[in-house]
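The next block holds one structure in the form of structure tokens; read it before the comments.
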Amino acid sequence: DYDEELALAHIRSHSFYKAEDSGMKSYFNENVDVEYLIEVIRENLKTSKKVNKNENLEVHYFLVPNIGTYKDTKCNYIKVILVPGTSNIISAYPASYTEASNIPILNCDYDRLLGKNQKVKSL
């Protein structure tokens, strides 16, 4: 049974301020607006293609330079996990790598997503 509130709480647990308390090794940078991120992920999923073929869950990636950190490694991707064949998001978090090719850039307002004082940095 899909529980959207539980899924959204899990995504929020990857925020900069909650990651340490929740034991997350992958977390969004301090200025990332996680609520806006969830909103734009939903919108971007409408045109995104899954990257895995033989998995129990559906996986999508989006390119967002400097979106977060995994341990001490800079992350430039968001990994989004869905219930297969649906738009039900199970999780979304920063990823430092992907084996997939042709990863789309997340279509959003980067000033809003990353905070007005932080600019998108090149890869």
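Any read-out appearing in this document is the output of simple, stated calculations on the displayed coordinates, not a laboratory observation. A quick note: this is a predicted structure, and the numbers were derived from the prediction, not measured. In this analysis, Cβ positions are derived from the backbone assuming ideal geometry, glycine residues included, and neighbour counts consider all displayed protein chains.
Descriptive notes on the structure:
- For the chain, the relative contact order comes to 26 percent (Cα pairs under 8 Å, sequence separation of at least 6).
- Near residue 88, the amide H atoms lying under 5 Å from its own belong to 83; only residues 5 or more places off or on other chains count, and H is placed 1.01 Å from N.
- Helix-only CD estimate at 222 nm, as mean residue ellipticity for the chain, using -39500 (n - 2.57) per DSSP H run (n ≥ 4): -6500 deg cm²/dmol
- Other-chain or far-sequence residues with amide H under 5 Å of residue 15's (modelled H): 28
- Distance (nanometres) between label positions extended 7 Å along Cα→Cβ at residue 111 and residue 31: 1.2 nm
- Expressed to the nearest 5 percent, the antiparallel share of DSSP beta bridges inside the chain is 95 percent.
- Using the Karplus relation 6.51 cos²θ - 1.76 cosθ + 1.60 with θ = phi - 60°, the per-residue 3J(HN,Hα) values for the stretch 36-46 come to 5, 4, 4, 4, 6, 4, 4, 5, 5, 5, 5 Hz, with x marking Gly and Pro.
- The share of alpha-carbon pairs in the chain lying farther apart than 26 Å comes to 13%.
- Spin-label pair residue 8/residue 91, simplified geometry with 7 Å Cα→Cβ offset, distance in nm: 2.0 nm
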